[in-house]
């Protein structure tokens with residue numbers, strides 16, 4: 001299927017298909033046709049907001065696009081989409097745009113309570129087995145340092161999430177390679193990785209603010 005050769009009406013018709021393989025193909029078309037355009041929308045939303053890491057931004061963009069595409073799919077399937085003056089691209093991009101706005105808003109609410117630590121470094125240190133609670137504290141008692149907190153949060157994450165984050169963040173595996181390792185559909189890998197990443201942050205935040 002050559003996505004660029006399909007008209008907007010053909011894309012919408014295939015999105016309503018009863019054949020799942022056909023739906024999957026046209027969903028991939030939405031990625032190839034509109035994801036780069038969505039990144040332009042994202043750039044405008046993040047413009048001037050320098051307190052977000054590259055990792056957060058990329059994962060937020062992927063989650064917003066995936067969730068927005070999922071909502072648009074059901075919007076079309078339910079017969080709610082009506083062709084008006086706006087192009088399909090313009091109409092569709094409003095879905096991931098508002099998803100991303102929601103993610104940014106939620107992050108702003110939690111920003112003051114979250115510890116300021118580079119998660120990429122935490123994951124790399126833990127997966128490379130170069131650190132331990134004893135190495136981190138270097139004292140007789142385990143102090144409540146950020147490094148120790150994130151090491152503990154990582155250990156409490158569970159095998160599934162630790163594996164997903166290790167494969168993506170440390171080994172830099174593709175969605176297809178991760179699918180072969182654990183069975184998660186390649187199209188869902190980005191969402192799974194993002195949820196695990198946010199769970200790691202939530203675990204660390206809870207430890208950071210736990211009473212002594």
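The values are calculated or read from the model by the stated rules, or taken from the named source; none is laboratory data. Computed from a predicted structure; not experimentally measured. Cβ sites come from the backbone with ideal geometry, for glycine too, and all protein chains shown count toward neighbours.
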Condition check: closer than 19 Å to residue 185 by Cα and within 25 Å of the chain's Cα centre (by Cα). Does residue 32 satisfy that?
yes
Here the residues within region 76-97 that are under 19 Å from residue 33 (Cα atoms) and in a helix (DSSP H, G or I) are 76, 88, 89, 90, 91, 92, 93, 94, 95, 96, 97
Which of (1) at pLDDT below 90; (2) more than 19 Å from residue 108 (Cβ to Cβ); (3) surrounded by 13 or more Cβ atoms within 10 Å (Cβ to Cβ) is the odd one out, the single condition residue 21 does not satisfy?
(3)
Restricting attention to region 1-59, which residues are over 30 Å from residue 197 (Cα atoms) and assigned to a loop (DSSP other than H, G, I, E, B)?
1, 2, 6, 7, 16, 17, 18, 19
Sort through 45, 69 and tell me the only one that's modelled with pLDDT of 90 or more, on the phi < 0 side of the Ramachandran plot and surrounded by 14 or more Cβ atoms within 10 Å (Cβ to Cβ).
69
Among what's in region 167-199 and is over 23 Å from residue 70 (Cβ atoms) and at pLDDT 85 or above, pick the residue that is surrounded by the most Cβ atoms within 10 Å (Cβ to Cβ).
167
